[in-house]
1. Taking the condition within 30 Å of L40 (Cα to Cα) and either at pLDDT 90 or above or under 26 Å from the mean Cα position of the chain (by Cα) (or both), does L209 pass?
2. Only one of these conditions is not met by Y450: (1) in a helix (DSSP H, G or I); (2) surrounded by 19 or more Cβ atoms within 10 Å (Cβ to Cβ). Which number is it?
3. Just one of the numbered conditions (1) modelled with pLDDT of 95 or more; (2) not in a helix (DSSP H, G or I) is not true of A445; which one?
4. So, of the residues in region 159-176 that are in contact (Cβ under 8 Å) with a residue 40 or more places away in the chain and assigned to a helix (DSSP H, G or I), which turns out to be most open to solvent (accessible area, probe 1.4 Å)?
5. For the structure I just gave you, tell me whether L408 is under 15 Å from A256 (Cα atoms), in contact (Cβ under 8 Å) with a residue 12 or more places away in the chain and within 27 Å of the chain's Cα centre (by Cα).
6. Note down all Cβ pairs under 8 Å where the first residue falls in region 348-374 and is open to solvent by less than 30 Å² (accessible area, probe 1.4 Å), the second is among the β-branched types (V, I, T), and they're at least six residues apart or on different chains.
7. Can you work out which of the residues in region 301-337 that are open to solvent by less than 80 Å² (accessible area, probe 1.4 Å) and acidic (D, E) is nearest to A256 (Cα to Cα)?
8. Give me the pairs, please: first residue somewhere in region 221-238 and within 10 Å of S198 (Cα to Cα) and open to solvent by less than 10 Å² (accessible area, probe 1.4 Å), second residue anywhere and among the aliphatic types (A, V, I, L, M) and at pLDDT below 95, beta-carbon distance under 6 Å, and either six or more positions apart or on two chains.
Amino acid sequence: MDLSNLIGLSRLQFAVTAAYHWLFVPLTLGLGFIIAIMELKYYRSGDEFWKRTTRFWMKLFAINFAIGVATGIILEFEFGTNWSNYSWFVGDIFGAPLAIEGIFAFFMESTFFAVMYFGWDKVGKKAHLVSTWLTAIGTNLSAVWILIANSWMQYPVGMEFNPDTARSEMTDFWAIVTSPVATNKFLHSVTNGYVLASIVVIAVSSWFLLKKREQELAHKSIRIASVFGGISLAVLIFTGDGSAYNVAKVQPMKLAAMEGLYEGSENAPLVAFGILNPDKDIMGTEGENEDPYLFDISFPNMLSLLATRKTDGFVPGINDIIRGGYEFTDREGNTSVQPSFERKKAMGTAAVNALAGYREARAAGDTAAMRSAEETLKENFDYFGYHYIEKAEDTVPDVPLVFYAFHLMVALGMFFIILFILFIATEWKNRLENHRWLLWTGIAAVPLVYICSQAGWIVAEAGRQPWTIQGLLPVNAAVSGISPGNVLTTLIILLVLFTALLCVELSIMFKQIKKGA
């Protein structure tokens, strides 16, 4: 990422905003349901202990909820300020799920959040319980629409380009909503939030046990969180497999970067652990013949199985995708021989020139020329964005960043499996206090689960570079025509503001935890 120009600065500003936003959101996604489960126990038993416990965790939820809203609003404004060409090109499609999120889900969660947080002893127990569950559901519904919008950027479906307006228009709302990429991304992202929230609850409860405070609250909270987190982690792993399969079908370059795979093969191995060779580069460079890894441990055939559901399936590498000529089966099951980068760029240029020809013919009133230009545009539109890519290496994401982020995410996921099993087994034997090392491990897992969560988004977003919309619009054509100095100034302001918000949030949360229930 070049930080000396407008594109690099705009990308960095959006990345900083998104990263900070994702620090606050995952906790609310999972903690909302954990709180709802605790209040359900209070509703059924009438035990004041569960009311006190629910209200304690609810305060931590509220702190994250407020700051998450603030960062999310800024994130949406950046589409108009920094990425206005993107907003013009696909605003009719991208804006729809974001509008639904704001009008329906956000207002729903905000309304019932007020009843949940301030309504104790002001509404009936049943009404309060319903408001708590609806707050948790509303928070996750917000995630649905945001992730649908993001998934469409990764896999643009249900649309048609209108040459009269030079904009993409929605033709099938339900194709966008029910896209397999959107469905899997939602499940994978929200269960990540459930795992994160579970580990935070376990960590805070472990701290109480180490300090010999709030011991009943700690034990019962750990029981709920460890089971909830364990189930969520199982779903997370399952959807992770689905995510990898979808990436293989709609973003093969991202998969190649995730595995550091330069030359594709049948029976492709899956790298469990590896160190990339910094001298390795794509075809046509000095590093073309270097080994991709300095060291690696791999599982034979597993990448082929993951990507094609066959152990002998062909998985294209970075160089294969650049030079083309291999057979590829897409998400709909259509098999075709993939064109080279040069051919894609030629078709992209043909599409852009056809659009210009269409508009000239329309101005001249030449309907025959309009029809001819429109036909050429449709034939080549799938590669429209390649016109704006200068050279083949520009289509390759930052391989080390994506590779290490992906493998760090997977490694931490394996660690969390062990952690949940240990907490479930030890707590059910009532022996947690005898294993102080496990309690400290639970506390240490908090920064690790946040790192894991951020790593997942790095893979998803850095892995699809240089595209804002896969195959149709690269970042250099999506950015606003504003001064780099303006972007740098607002970047510094946002960085200072978000860091201050994070510090304030942590200070308030630590004070609330020390205060106890």
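1. On the way: within 30 Å of L40 (Cα to Cα): yes; either at pLDDT 90 or above or under 26 Å from the mean Cα position of the chain (by Cα) (or both): yes.
Criteria met by L209.
2. Status for Y450: all satisfied but (2).
3. (2) is the only condition that A445 fails.
4. Residues of region 159-176 that are in contact (Cβ under 8 Å) with a residue 40 or more places away in the chain, as a first pass: 159, 161, 163-164, 166-170, 173, 176.
Now drop any that are not assigned to a helix (DSSP H, G or I), which leaves 173, 176.
Numbers: F173: 61, I176: 10 Å².
Restricting to residues being in contact (Cβ under 8 Å) with a residue 40 or more places away in the chain and assigned to a helix (DSSP H, G or I), the top hit is F173.
5. Values: under 15 Å from A256 (Cα atoms): no; in contact (Cβ under 8 Å) with a residue 12 or more places away in the chain: yes; within 27 Å of the chain's Cα centre (by Cα): yes.
No, not satisfied.
6. Qualifying pairs under 8 Å: G348/I389; A351/T376; A354/T376; G357/T376; A361/T367.
7. This residue is D320.
8. Once the first residue is within 10 Å of S198 (Cα to Cα) and open to solvent by less than 10 Å² (accessible area, probe 1.4 Å) and sits in region 221-238, its partners that are among the aliphatic types (A, V, I, L, M) and at pLDDT below 95 give S226/I424.
The values are calculated or read from the model by the stated rules, or taken from the named source; none is laboratory data. Every value quoted in this text rests on a predicted model; they were computed, and no experiment measured them. So basically every Cβ, Gly included, is an ideal-geometry build from the backbone, and we count neighbours across all protein chains shown. Surface accessibility is based on the protein's heavy atoms, side chains included, excluding ligands, DNA and RNA. Shrake-Rupley method; radii C 1.70, N 1.55, O 1.52, S 1.80 Å.
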